[in-house]
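Below you will find the structure I want to go over with you.
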Amino acid sequence: GGAAMAAVQEVEIDPEGTFKYILVRLQRPGGEEQRDIVRGTKAAEFHNHIFEKVNPEMEKLGYECKCLGGGKIDHNSKDKKIRVFGLSTGYGKADHSVTVEILKKVYTDYEITWSDDKK
């Protein structure tokens, strides 16, 4: 079980730009094991578009998905900076501090900050 969950990438975001993101909790039905993942892309006009793509992928792997909220990510790969901010109208605001901790695991050499600013 653990190996399969580890195979799910914690972070999948666009390499550059400002885009919507969601924080998703994966859980094995009836199991204790859970994991939070970050997904964000410019291709998504609305936050639910991201969830609608992630959910079936994770269900195939045997997870239940719950969206914990959303916001925006500003990814500046040149300066190695990521800013997490904003909220999702449909899902509410994700806990950006949790998102930052997850991003730090992947973008180890980045400066990563968050705020509750809308822009």
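In the chain, what percentage of the DSSP-assigned beta bridges are antiparallel, given to the nearest 5? Write out the running numbers ahead of the final one.
Working: 25 of 33 bridges.
The antiparallel fraction comes to roughly 75 percent.
Only sites in a loop by DSSP and with at most 15 other Cβ atoms within 10 Å count here; which chymotrypsin sites (Phe, Trp or Tyr not before Pro) in the stretch 1-83 make the cut?
Values: sites: 19, 21, 46, 51, 63; in loops: 46, 63.
Passing sites in the stretch 1-83 are 46.
For the stretch 59-72, take each phi angle, set θ = phi - 60°, evaluate the Karplus expression 6.51 cos²θ - 1.76 cosθ + 1.60, and give the result in whole Hz per residue in order, putting x for glycine and proline.
Residue by residue, the stretch 59-72 yields 4, 4, 7, x, 10, 8, 10, 9, 7, 8, x, x, x, 10 Hz.
Additional query: Would you grab the residues whose amide H sits under 5 Å from the one on residue 36? Only those 5+ places off in sequence or on another chain, please, with H modelled 1.01 Å from N.
Those lying under 5 Å, H to H, from residue 36 are 26.
Give me the 1.4 Å probe accessible area per residue for the chain, excluding ligands and nucleic acids, in Å².
Values: 6570 Å² over 119 residues.
For the chain, the per-residue accessible area is 55 Å².
Projected area of the chain, taken from the Cα convex hull and averaged over every viewing direction, in nm²? Working shown, then result.
Working: hull surface 28.4 nm².
That works out to 7.1 nm², a quarter of the Cα hull's surface.
Check which residues have an amide H placed less than 5 Å from residue 13's amide H, if you skip close sequence neighbours.
When sequence neighbours closer than 5 places are left aside, the close amide H contacts are 40.
Convert each backbone phi in the stretch 111-119 into a coupling constant with the Karplus relation 6.51 cos²θ - 1.76 cosθ + 1.60 (shift: θ = phi - 60°), then list the ³J(HN,Hα) values in order as whole Hz, x for Gly and Pro.
Result, rounded to whole Hz: 9, 10, 10, 9, 7, 8, 4, 7, 10.
Now, a different point. Charges at C-beta only: +1 for Lys and Arg, -1 for Asp and Glu. How large is the resulting dipole of the chain about its Cα centre, in Debye rounded to 20?
220 debye
Pick out which of 31, 17, 90 has the largest mean-square fluctuation in a Gaussian network model of the chain, springs linking Cα atoms closer than 10 Å.
31
If you don't mind, another one. Of the GluC sites (Glu not before Pro) in the stretch 17-119, which ones lie in a loop per DSSP and count no more than 10 other C-beta atoms within 10 Å? Mind dumping the intermediate values first?
Details: sites: 32, 33, 45, 52, 57, 59, 64, 101, 111; in loops: 32, 33, 45.
Taking the stretch 17-119 and a limit of 10 other Cβ atoms within 10 Å, the loop GluC sites (Glu not before Pro) found are 32, 45.
If the elastic network links every pair of Cα atoms under 10 Å, which of 84, 38, 106 fluctuates the most in the Gaussian network model of the chain?
Between 84, 38, 106, it is 106 that shows the largest mean-square fluctuation.
The values are calculated or read from the model by the stated rules, or taken from the named source; none is laboratory data. Note that the coordinates shown come from a computational prediction; the quantities given were computed from them, not determined experimentally. Using ideal geometry, Cβ is built from the backbone for each residue, glycine included, and neighbour counts are taken over all protein chains shown. Just the protein is used for accessible areas: all its heavy atoms, side chains included, with ligands, DNA and RNA removed. Shrake-Rupley method; radii C 1.70, N 1.55, O 1.52, S 1.80 Å.
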